[in-house]
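Structure first, then comments.
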Amino acid sequence: YADLPDTIKRTQSSIVGIGTVQKTRRPPAKLVGTGFVVGDGRHVITNAHVIPKEIDTAKLEYLAVFTGKGNNPKARQAVKVKIDEAHDLVLLRIEGAPLPAMSLGESSRVREGEEYAFTGFPLGAVFGLHPVTHRGIVSAITPIALQANAASQLDPAQIRRLRSPYNVFQLDATAYPGNSGSPLYHPDTGAVVGVVNMVFVKEGRENILAKPSGISYAIPIRYARELLKKAGLI
């Protein structure tokens, strides 16, 4: 990890908070997850489940991407461009000048045992926009859903995942609420190989366990690339 400090410094301006703003609310900004800038600098990738299901436009609430650092972040209004429910990914477009974009790696080249890092805003609703970096290895490349011993252990979400299986990266680094949407990147190059996911994957893998583990997961970046292609950005 000799180059990780330099990589963190270089990529922090590309990693953003995701949430909503409502000026009549106290506090006006609500930070719920993490995203990262891609493409032309005006687009952001995050997990689809991070986006609030309902936004109170009648009270002038809007979807926002937060930049900067600390308890007084700058908010940019965002709109959904493309969504991939099956892989829990969404592409947002933001207003304003372009931001530095992260480079995308090749998730097909990721191997078990390789070391990666991810940066995001764990517990951002409590601590504000203070980026935190974790590091660890890809401990397994594993199916998104576990086969249950009995049909009674399956819920609708697991059944959907078992019908359309794909592999995700299992990490031995601990992620927390707010890390959803964080980029998983190479510690030397900063190339993104996955999108950290704290909810969607665990619904398919860990809800049959009596005591869910602290294992974290990431969606391979290939699926984010497909969203960018559909949007005409690559």
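One table, with the values for the structure above:
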read-out	value
Rounded percent of accessible protein surface that carbon and sulfur make up, the chain, 1.4 Å probe	52 percent
Dipole of the chain [Lys/Arg +1, Asp/Glu -1 at C-beta], most positive-end residue of Ile221, Ala29, Thr7	Ala29
Surface per residue (accessible, 1.4 Å probe) for the chain, Å²	49 Å²
For Val90, net neighbour charge (Lys/Arg +1, Asp/Glu -1) across residues whose Cβ lies under 13 Å away	+1
Taking the chain and dividing mean pair separation by its residue count, relative contact order in percent (alpha carbons under 8 Å, at least six apart)	22 percent
DSSP loop GluC sites (Glu not before Pro) with at most 16 other Cβ within 10 Å: longest gap in the chain	115-205
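The values are calculated or read from the model by the stated rules, or taken from the named source; none is laboratory data. Predicted model, so just to flag it, every value in this text is computed and none were measured. When we count neighbours, we look across all protein chains shown, and the Cβ atoms used for this are built from the backbone with ideal geometry, even at glycine. Heads up: the accessible areas ignore ligands, DNA and RNA and are worked out on the full protein's heavy atoms, side chains in. Shrake-Rupley method; radii C 1.70, N 1.55, O 1.52, S 1.80 Å.
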